[in-house]
Amino acid sequence: MLQDLADQSAVSFPDEAAEALAARIQREGGKQPLAYAFELTMSRPPDERELKILTSALERTSWLGVARALLNSDEFVTRE
């Protein structure tokens with residue numbers, strides 16, 4: 001039973017976090033929402049290459065997709 005609860009939590013938390021981040025980016029991102037999103041998640045501004053990658057990602061997906069990509073990035077997951 002405890003494993004079932006953990007499995008349900010593991011599935012929903014990343015989705016909820018990405019949805020909340022996507023909403024926050026749109027709400028608070030201002031004129032540079034991609035830079036804002038990157039800085040919010042990585043605690044540093046993006047360089048030109050990273051901003052290009054995010055721009056390309058947004059053209060292919062939604063804000064939710066961008067949020068998921070940022071939250072799943074190695075730099076976000078493993079802070080040194």
*How much area per residue is accessible in the range 13-80 when the probe is 1.4 Å and only protein heavy atoms are counted (Å²)?*
69
_Contour excess over end-to-end distance, with Cα ends at R24 and R60 and 0.36 nm allotted per residue_ = 11.0 nm
*Of all accessible surface on the range 21-80 at a 1.4 Å probe, what whole percent is carbon and sulfur?*
51
_Stretchable slack from N72 to L51, in nm (0.36 nm times residue separation minus alpha-carbon distance)_ = 5.9 nm
*Evaluate E = 1/(1 + (r/R0)^6) for F13 and E39, where r is the Cβ-Cβ distance and R0 equals 25 Å; express this FRET efficiency to the nearest 0.05.*
0.65
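The values are calculated or read from the model by the stated rules, or taken from the named source; none is laboratory data. Treat the numbers as computed from the prediction; the structure is a model and nothing was measured. A quick note on method: Cβ atoms are made from the backbone with ideal geometry, for glycine too, and the neighbour counts reach across all protein chains shown. Surface areas here come from the heavy atoms of the whole protein model, side chains and all, with no ligands, DNA or RNA. Shrake-Rupley method; radii C 1.70, N 1.55, O 1.52, S 1.80 Å.
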